[in-house]
Amino acid sequence: MDAFYASVEQRDNPDLRGQPVAVGGDAGKRGVVAAASYEARKFGVRSAIPMARAKRLCPSLVIVRPDFTKYRAVSQQVFAMFREVTPLVEPLSLDEAYLDVTDNAWGEPLGTTVARRLKIQIQERTGLTASAGVAPNKFLAKIASGWQKPDGLTVIAPERVETFLQSLPIDALWGVGPVTAKKLRAR
């Protein structure tokens, strides 16, 4: 899901649409950003940064306290859609999962078509966007899902895997943060 907590808040409160929104704790009480809307991300606001820093980066930032009961309900709705298509769903968090759609309820032979249909269904039923990565393994699917956010669909066909990986920047690898990327580049 794209900027999940922030997107749910923007969906449910029309005044927040188009605004830089951060869901998280109070800036004055060492709060942290749990999710940032794409409008906030343009200012450098990202999840896991201190809310006080987020406010400095984006003085017009609208801070919304998290409502995890609401996010869990939306997550359950989305995961129910996944399970309508395949029982092979591996959750990573409330807003992210791996799906093996090799065999699926729609009888679709292409993972790309399944992803496209699921994205449309999620939008129609929840009013939210999702990005998808279609690839021959979870590692590549994870990278592909973040490639064209928001509302993206990236496909890495088996014959493109080697070319894709060779052109990939080191910090695009899942789990490689700025410190590790610096060390790897040095080597």
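The values are calculated or read from the model by the stated rules, or taken from the named source; none is laboratory data. Because the structure is predicted, anything quoted here is derived from the model rather than measured. Every residue, glycine as well, gets a Cβ built from its backbone with ideal geometry; the counts of neighbours run over all protein chains shown. Heavy atoms of the whole protein, side chains included, go into the accessibility calculation; ligands, DNA and RNA do not. Shrake-Rupley method; radii C 1.70, N 1.55, O 1.52, S 1.80 Å.
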- If you scan segment 73-87, which residues turn out to be closer than 22 Å to Leu110 by Cβ and not polar (S, T, N, Q)? Val78, Met81, Phe82, Arg83, Glu84, Val85, Pro87
- Listed residues Asp151, Asp103, Asp95; which is in contact (Cβ under 8 Å) with a residue 40 or more places away in the chain, out of contact with any helix residue (DSSP H, G or I) (no Cβ under 6 Å at 6 or more places or on another chain) and either closer than 15 Å to Ser7 by Cβ or of a type in the set (D, E, K, R) (or both)? Asp151
- If you go through segment 60-67 one residue at a time, do you hit one that is under 20 Å from Arg125 (Cβ atoms) and out of contact with any His (no Cβ under 6 Å at 6 or more places or on another chain)? yes
- Message: Quick check on segment 34-56: of everything there that is touching a helix residue (DSSP H, G or I) at 6+ places or on another chain (Cβ under 7 Å) and more than 9 Å from Ala22 (Cα to Cα), which residue is most open to solvent (accessible area, probe 1.4 Å)?
- Response: Phe43
- Residues that are aliphatic (A, V, I, L, M) and over 16 Å from the mean Cα position of the chain (by Cα), drawn from segment 90-119: Val101, Ala105, Leu110, Val114
- Look at segment 1-33 and say how many of its residues are open to solvent by 50 Å² or more (accessible area, probe 1.4 Å) and of a type in the set (Asp, Glu). 3
- In segment 58-68, how many residues are loosely packed, with under 15 Cβ neighbours inside 10 Å and of a type in the set (A, V, I, L, M, F, W, C)? 1
- With a cut-off of at least 1 residues that are surrounded by 14 or more Cβ atoms within 10 Å (Cβ to Cβ) and of a type in the set (Lys, Arg), name the helices (runs of 4 or more DSSP H) lying wholly within segment 69-187. 111-126, 138-145
